[in-house]
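Chemist: Got a structure for you, questions after.
The values are calculated or read from the model by the stated rules, or taken from the named source; none is laboratory data. None of the values given here were measured: they were computed from a predicted structure. Every residue, glycine among them, receives a Cβ derived from its backbone with ideal geometry; neighbour counts consider all protein chains shown. Just the protein is used for accessible areas: all its heavy atoms, side chains included, with ligands, DNA and RNA removed. Shrake-Rupley method; radii C 1.70, N 1.55, O 1.52, S 1.80 Å.
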2 protein chains.
Amino acid sequence: MARFPADPRRPLTLRDVSEASGVSEMTVSRVLRNRGDVSEATRVKVLEAARTLGYVPNKIAGALASQRVNLVGVIIPSLSNLVFPEVLSGISAELEDTGLQPVVGVTNYRPDKEEAVLYEMLSWRPSGVIIAGLEHTEAARAMLENAGVPVVEIMDVDGEGVDSVVGISHRRAGRHMAEAIVAAGYRKIGFLGTKMPEDHRARKRFEGFSEGLAEAGLAVSDTEFYSGGSALLKGREMTQAILARNPDLDFLYYSNDMIGAGGLLWCLENGYDVPERLGLAGFNGVDLLEGLPRRLATMDACRREIGRKAAEIIAGRPHGGMIGGEVIELEPVLQLGDTIRRR
Amino acid sequence: MARFPADPRRPLTLRDVSEASGVSEMTVSRVLRNRGDVSEATRVKVLEAARTLGYVPNKIAGALASQRVNLVGVIIPSLSNLVFPEVLSGISAELEDTGLQPVVGVTNYRPDKEEAVLYEMLSWRPSGVIIAGLEHTEAARAMLENAGVPVVEIMDVDGEGVDSVVGISHRRAGRHMAEAIVAAGYRKIGFLGTKMPEDHRARKRFEGFSEGLAEAGLAVSDTEFYSGGSALLKGREMTQAILARNPDLDFLYYSNDMIGAGGLLWCLENGYDVPERLGLAGFNGVDLLEGLPRRLATMDACRREIGRKAAEIIAGRPHGGMIGGEVIELEPVLQLGDTIRRR
DNA sequence: CCCGTTACCGTTATCGCTAACATAGCGCTT
DNA sequence: AAGCGCTATGTTAGCGATAACGGTAACGGG
């Protein structure tokens, strides 16, 4: 892999390839991008030269000249939540052969971090932005509006979006779960969730859940919140705590499957009769649940599908075409599992 | 948020800000990058103008002009493995206030995908590359060597690196586990793992494990492999299968904690005396294990620490300074938990 | 033999920003 | 008053690619 140019440490440019193959830079550029007419002979010559030199195109220069960037910014709160990697996988799959590529930014559920990440992303002039949630700082919202590229807000449809929106209604999801629980005859219901004030979706589920209970003349009897740590362990601890405080609860609704799984394990170990004496339910439908001793009731949050649809919208917009934003609401499916009694 | 320029849809540039604030583009650039001396008065003026216009700098142009890119490419096999998000979190934490920013690429354990992702990343001329594993295609290796930026290969030290290497020896990890198991008096040992031929680290653990047993005059009595699906569930199924085939096994070594956890749950449900009659161990030390009925024996793979150290190396290299690569080997810690008997 | 077509390839002018150098104004020294 | 050293700002010349257009060779029909 010898280097012809004078300074062996200078990074390679189109010119190096052009000199090595005896054609103009423009022709090399055409070959490398498969664009325009190039004779088979020179095409082979150029590719050969590029390969032996080990040339890697400089997309920075390319993007500046063409005003085109094949990146899609994806902004999510966390990677350790398991839900978001699944959304990502849906996005990647859909983007696979569109020439577009996702770039991920993580906010840790902090609005200021989200704003910073968004700013950073937009400074690379991506072809589109996919961002979790509908709640943003004022500045972030302004940036999204003025970005001049398609924006898709995902996960949640309960609120006003900037452009397109793909998600589920967490409020209705909570309400549906409440209805199912009431229908199954449970009456003294506890709620266990995260303490994070910025987890708007969990909050909306809780609100919808409360409303659903209210319609049946019920209310949440007790709540327990946590933050940080191993979710499975927290689920155990919280379950123990809430049941110690309130032994006559007959249902526990967890804001996610992980703490729900922890609660389930704890209940089984401590001899609770699930689902007769005590019902349990989580949220998300993570496939981890399949390996549990009993299948926890949950609701599938359509994570992969949300990713797919969002990517589809970005990929479908013909280069900045500002068509009106669409709102796609998916229907989460209730899975009763083995922890809600059936009759 | 009014727009002064003629065409209201034209993206903003430095010139717009410069005209709005009455100074040269260069001065605006200086203000926005906090570089060079600018009087407080003009600084305020410029920031004000930039803010009201909603200007977002164009890093593409900036990078081209300055030959500097604040991105670090991070290439990992998967996001659903839980291990890699943790590595990522270590990287992000360390990069937090260096001005550098990680950009993630996922290979799905496919060498050809890895090569493609690497090519794509290098075409953006990042300041460094962090890549999982030591095994790459020939072309990928050549790209890494000629990239002209620091490269850190992570997770594994059993092999030859391109530049710097941060990880643990999976071979020795397997061997240590074997020694601990033998020392605890187990003799008929089964191994359960992934089928993936490209999971070199799991393979190396298995090899080291076999060597460790061999030194005590033992061998792996039976093996069971899987691919895809819910790891927890697979752990159950494999455990059932291997024990049905080979009821006198007295120890099961799992290649990761998830299938180990599934196995543990299955064993407990089916009345196995763990750890007396049957010992179990996994690998990784994921904190999910804390919520299990019993603490699975495992070895911490130092995931966060690996991320930190790798990022530290990238951040510490003064802009392309090609100092010789360092090799940092971390020591995984054996945690006996409750599933290896102690005497 | 001329001219229009087609197929291929080169030239020129940016893209938006920053490195490096140039310059202007100021206070102070000697 | 000239000269010096600052500080604050402007000017110039690219960075490495691509868009848009221009040019040329080869060919064929009239």
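Chemist: How many of the residues in region B:267-310 are more than 18 Å from B:Leu233 (Cβ to Cβ) and assigned to a helix (DSSP H, G or I)?
Modeler: Residues that pass the stated criteria total 10.
Chemist: Suppose we filter A:Asp257, A:Asp273, A:Asp287 for residues that are open to solvent by 20 Å² or more (accessible area, probe 1.4 Å), under 19 Å from the mean Cα position of the chain (by Cα) and without any contact (Cβ under 8 Å) to a residue 60 or more places away in the chain; which single one remains? Explain how you work it out, then say what you get.
Modeler: Numbers: A:Asp257 fails: open to solvent by 20 Å² or more (accessible area, probe 1.4 Å); A:Asp273 fails: under 19 Å from the mean Cα position of the chain (by Cα).
The match here is A:Asp287.
Chemist: Please work out which residue is farthest from the other protein chains (Cβ to nearest Cβ), limiting yourself to region B:239-250 and to residues that are surrounded by fewer than 24 Cβ atoms within 10 Å (Cβ to Cβ) and touching a helix residue (DSSP H, G or I) at 6+ places or on another chain (Cβ under 7 Å).
Modeler: Top of the filtered list is B:Leu249.
Chemist: To continue, here is another question. Does A:Leu32 qualify as being open to solvent by 50 Å² or more (accessible area, probe 1.4 Å), within 13 Å of DNA strand D (Cβ to nearest atom), in contact (Cβ under 8 Å) with a residue 12 or more places away in the chain and under 21 Å from B:Ala147 (Cβ atoms)?
Modeler: yes
Chemist: Within region A:213-227, track down each residue that is crowded, with 16+ Cβ neighbours inside 10 Å and either farther than 19 Å from A:Thr298 by Cβ or in contact with a Lys or Arg (Cβ under 8 Å, 6 or more places away or on another chain) (or both).
Modeler: The answer is A:Leu218, A:Ser221, A:Asp222, A:Tyr226.
Chemist: Give region B:84-101 a look and list any residue that's open to solvent by 10 Å² or more (accessible area, probe 1.4 Å) and more than 9 Å from every other protein chain (Cβ to nearest Cβ), or say none.
Modeler: B:Ala93, B:Glu94, B:Glu96, B:Asp97, B:Thr98, B:Gly99, B:Leu100
Chemist: What single numbered condition from (1) more than 11 Å from chain B (Cβ to nearest Cβ); (2) buried (at least 21 other Cβ atoms within 10 Å of the Cβ) fails to hold for A:Pro111?
Modeler: (2)
Chemist: Just give me the residues in region A:56-81 being in a loop (DSSP other than H, G, I, E, B), within 16 Å of DNA strand C (Cβ to nearest atom) and crowded, with 19+ Cβ neighbours inside 10 Å, in sequence order.
Modeler: Across region A:56-81, the qualifying residues are A:Pro57, A:Asn58, A:Val69.
Chemist: Follow-up question, since we're still on this one. Among B:Ser92, B:Ser18, which is assigned to a helix (DSSP H, G or I) and more than 30 Å from B:Val286 (Cα to Cα)?
Modeler: B:Ser18
Chemist: Which condition does A:Ile242 not pass, out of (1) farther than 16 Å from A:Val83 by Cα; (2) out of contact with any strand residue (DSSP E or B) (no Cβ under 7 Å at 6 or more places or on another chain); (3) assigned to a helix (DSSP H, G or I), if it passes all the others?
Modeler: For A:Ile242, the exception is condition (2).
Chemist: A further question follows. In region A:163-212, what residues are assigned to a loop (DSSP other than H, G, I, E, B), open to solvent by less than 40 Å² (accessible area, probe 1.4 Å) and either in contact with a strand residue (DSSP E or B) (Cβ under 8 Å, 6 or more places away or on another chain) or modelled with pLDDT under 95 (or both)?
Modeler: Across region A:163-212, the qualifying residues are A:Asp163, A:Ser169, A:Ala184, A:Tyr186, A:Asp199.
Chemist: For A:Gly148, are the conditions met, namely being open to solvent by less than 40 Å² (accessible area, probe 1.4 Å), modelled with pLDDT under 95 and either farther than 27 Å from A:Asn58 by Cα or over 18 Å from the mean Cα position of the chain (by Cα) (or both)?
Modeler: yes
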